[in-house]
Structure formats: C-alpha cells, structure tokens
Amino acid sequence: MSTLPQPMSNSNTTGKLTVTILSAYDLDTSTAPQSITLTVGDEVVGSTSAPSARHKEKKAFKYNQKLVYSAPLGVFYSSNALLTVQSSPDSVLGGGEDQTAQQLEAEFPINSLHVNEPQWIILNLRKKGDDSTTAGTDTVEDGTVPTLRIKANLEGSYRPEVAAMLHSSKAWFNLVDGLHSNLPSIEMNIKEIPQKYPVVKFFLIPAVPLAAIVVALLPVIAGILIVGLPFFLPFLVVLAGFVASILGIGAILYYSTPEGRGKVLNLVHPVASHLISTPVGQRLVYDTGARPSPKSMAQLVLPGSDDMVAKLLASLAIDFVGSCSYLLPGVGEAFDLAWAPTQTIMISAMYDESTPSLKYVSFIEEILPFTDVVPSATIGWSKEYAPVLLSIGQQKVHEIIVAARREKDVAFAK
C-alpha cells in the first residue's frame, strides 16, 4: 500500500515527457493551423499534423495528438517546454500586404509538473518574439485571448535509495502477509475466556492475594525508587530501553499487517501527498538531479515567518531537546554530538534571513560541554519578532494615552 505514484516502467531512460495537444481556442485565423511544434530547451521534439476536427466555435480546433520526448529528469527540470502554433500563409484575418504565416507560442517550465501525475493545462498564446510583460495575453479583434489546451505527463523513476526502500518494504509486507494469513485468527472477548477455558478460574485463588500484596507495596517501592534514584537510574534507563525495544518490535509487527498498514496509511497519506506535491518533495523522491539541501528540507516542515506562535513553539521545543542532555550527565554530552548539527540546520532554516550568524552560535553552544542552557532558537525568535512586538506595544500604549486624554478633556469640559 504505497502513497507514491507509480514510476515509469522503462528502465532505459530516467524520464519521459508526453504532451497531448487537446485543442486550440480563439485563434486569430479563420483556417486550421498548419501544425503545433513542441520544443524542449533547444531540442525540437516534433510537430502535430492538421487538427482532427473543428469545434462549433469558428476559430477553435480539436487535435488529441501526442508529442513524446525522452530524456533524464535532470534535463527536464532545467528546461522549459515551448509550444508554437504555425498558421497557414494568407490565413491571418484582416488582410493587408503582410500575409505571411503567423506564429503563436506558449511556454511553461517543465519542473512545474508533478512527476507521474498527468496535468491538464490551459496556456495563453502570444505572438512569437513578444517579450513584453503582457506576453501570453494577446487578444484578437473581439477581445478574446487565444489559448491552447494540453495534457502534460512527466514520467520518471525514483531515486535509487527511494526505490530500494520501496522494494524492501514491499518484500517485508509480502512476508508479513504470508505469515498473517497462515496464523489462526485470535479474536476473543475477555468475558468469554472463563466460559471457553474454565480452568482459568482456579488461577484467581493465588492471583488475588498476590495482587493485594503488590498494591500495598507500591507506595513503598515508589519511595525506595525516589530515595535511591541516583543509584537506580542506570538500571532504570536499561530497563526502559529494553521495554521500549520490545514495544517497538511489537508495533512494527502490528503495523506491518494489513490492518495496521491501513491505519498508518490514513495518517501518512495526506502528509506524503503534500510532501510529494512540493518542489522539494519532488527533488527528494524522484531522480531529478541534485538532491535538496538539508536546509530546504527543514524549511518544508518547520513553520515560516508568517506564523509567529508556531515558530515560537518550535523554537522552545528545539531548546528543550538541546537541554535534555543535563538529564544524564556525561552520557547526554555524547547525544549533543548528533543533536548539534541537527539543531544548526533547523535554526538556519528558520532564522537565516533575520540572524544569519545565529547558526554558528547554536552549533558552538550545543557542541561544547555545559553550554546547552543557552536558548539559541528562542534568542533567534526574539531577535526577529521583538522589534515588531515592541512597536505594536508602543502603538497600543500611545492609543491608550490618547484615549485617556480625550476622556479627561471631556470630563473637565463638563
């Protein structure tokens, strides 16, 4: 059960662009265009033949013709697609001495397409060579804009590591499904156990006094653990790690079953769909060339400058995790070796625009011993938003003073 679109099956190339010319509307010609040519970068891909039919509208034509070009995804992501509509000579409306063939064109960046997801696009046509700011919105005599309707599909393969992960996951799920289908179904209500297994009732005889003793000793055990916490802490950490490992293995096995995967998919699918729809997500999942930087990936999940409260909560969480090394002196400092670069990337993603040097301060205070108490992320938040909050506060104080003076003047006037 994958949330990712299916990649192209052709392994000889890493990418394929299929542009289906659907129709052309509101052209400034009374006869059918000669052809529509697709150019990718500097490469002329091909041209259509004459349109297959004319729409009911006078200057609209149906095509439903495909133009296909294969190349690495990296080539597509650095190129634009140019569609040129070639009119027939002497077909331009209005007559005149210059009756040569007219060319209309439309252009769009190929990296705006989502890989392995067909998209229907309406492109405004402009006269060839028109580089003005109004390009793409030329109008004909009646004021309408000539347009081109296309269906574009960019196919490509996953990155090697993503493909390997999906292949391994599929093999693991197939193994779990095979074992799960061969296991007997264990669905029983707790109330039905004494009825189906009467011998269980005899276990209640020793279980009741043992339970009473355990309940009575719980306060004593808790007191001993509190008093001897420094002595018992290493053992508690080992025990907690063991319990967490057992629970983690159990969770992995359960959520690998069809029922568990269904629950996970309901939670993961919206997040994965949003991730893949972003430019960073496309570059992360598909073999489009250079991989996205850690900073750009952090910016994808961390709050932006437009959400002050969410950014504050994220900053507090970052500083809290950085200070958790004090829970285990000595051992926690080793944790800082891994957390320091992670925190630096997150602070760089959030505060590089307002405080570019903060990431260096963050790395130094996190990597050095006994300096984790410095709240680097919260300092960055204060540097970015404190002037704004102070300005708003001063404005509110000024408004209160003005309102108080007005009320005072009214009171004295009476």
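The values are calculated or read from the model by the stated rules, or taken from the named source; none is laboratory data. Source: prediction; values computed, not measured. No Cβ is skipped: glycine too gets one built from the backbone with ideal geometry, and neighbour counts run over all protein chains shown. Quick note on the areas: whole protein, heavy atoms, side chains included, nothing else; ligands and nucleic acids left out. Shrake-Rupley method; radii C 1.70, N 1.55, O 1.52, S 1.80 Å.
Taking the criterion of being under 47 Å from the mean Cα position of the chain (by Cα), modelled with pLDDT under 85 and open to solvent by 100 Å² or more (accessible area, probe 1.4 Å), would at least one residue in the stretch 152-174 satisfy it? Even if it seems obvious, please write down each step before you answer.
Our first condition is that a residue be under 47 Å from the mean Cα position of the chain (by Cα); within the stretch 152-174, this holds for 152-174.
Restricting the remaining residues to those that are modelled with pLDDT under 85 gives none.
Checking the stretch 152-174: not a single residue is under 47 Å from the mean Cα position of the chain (by Cα), modelled with pLDDT under 85 and open to solvent by 100 Å² or more (accessible area, probe 1.4 Å).
Checking E353 against (1) surrounded by fewer than 16 Cβ atoms within 10 Å (Cβ to Cβ); (2) over 22 Å from the mean Cα position of the chain (by Cα); (3) at pLDDT 85 or above, which single condition isn't satisfied?
Condition (2) is where E353 drops out.
One residue is enough: does the stretch 246-261 have a residue meeting the conditions under 21 Å from the mean Cα position of the chain (by Cα) and over 30 Å from D352 (Cβ atoms)?
Yes, because at least one residue in the stretch 246-261 is under 21 Å from the mean Cα position of the chain (by Cα) and over 30 Å from D352 (Cβ atoms).
Determine which single condition P294 fails, assuming it passes every other condition in (1) touching a helix residue (DSSP H, G or I) at 6+ places or on another chain (Cβ under 6 Å); (2) free of Cβ contacts under 8 Å to residues at least 24 places away in the same chain.
(2)
Do we have K383 as among the charged types (D, E, K, R), in contact with a Leu (Cβ under 8 Å, 6 or more places away or on another chain), assigned to a helix (DSSP H, G or I) and surrounded by 10 or more Cβ atoms within 10 Å (Cβ to Cβ) here? Don't jump to the end; show me each part of the working.
On the way: among the charged types (D, E, K, R): yes; in contact with a Leu (Cβ under 8 Å, 6 or more places away or on another chain): yes; assigned to a helix (DSSP H, G or I): yes; surrounded by 10 or more Cβ atoms within 10 Å (Cβ to Cβ): yes.
In short, yes.
A quick yes/no check of all residues on (1) open to solvent by less than 70 Å² (accessible area, probe 1.4 Å); (2) more than 28 Å from P279 (Cβ to Cβ); (3) among the aliphatic types (A, V, I, L, M); (4) without any contact (Cβ under 8 Å) to a residue 12 or more places away in the chain:
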| position | (1), (2), (3), (4) |
| --- | --- |
| L300 | yes, no, yes, no |
| S305 | yes, no, no, no |
| K311 | yes, no, no, no |
| K359 | yes, no, no, no |
| L389 | no, yes, yes, yes |
| I401 | no, yes, yes, yes |
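Could you tell me which numbered condition E259 fails, if it satisfies all but one of (1) of a type in the set (D, E); (2) modelled with pLDDT under 80; (3) open to solvent by 80 Å² or more (accessible area, probe 1.4 Å)?
(2)
Taking only the stretch 73-92 into account, find how many residues are modelled with pLDDT under 90, out of contact with any Leu (no Cβ under 9 Å at 6 or more places or on another chain) and closer than 21 Å to R149 by Cβ.
Final tally of qualifying residues: 2.
Looking at the stretch 319-339, can you tell me whether even one residue there is within 29 Å of S277 (Cα to Cα), loosely packed, with under 10 Cβ neighbours inside 10 Å and not acidic (D, E)?
no
Any residue in the stretch 261-274 that's within 24 Å of G250 (Cβ to Cβ): show its pairings with residues that are outside any helix (DSSP H, G or I) and open to solvent by 70 Å² or more (accessible area, probe 1.4 Å) at Cβ separation under 8 Å, as long as the two are six or more apart or on different chains.
Taking only residues 6 or more apart or on different chains, the pairs are R261/M1; R261/Y255; G262/M1; K263/Y255; V264/Y255; L265/M1.
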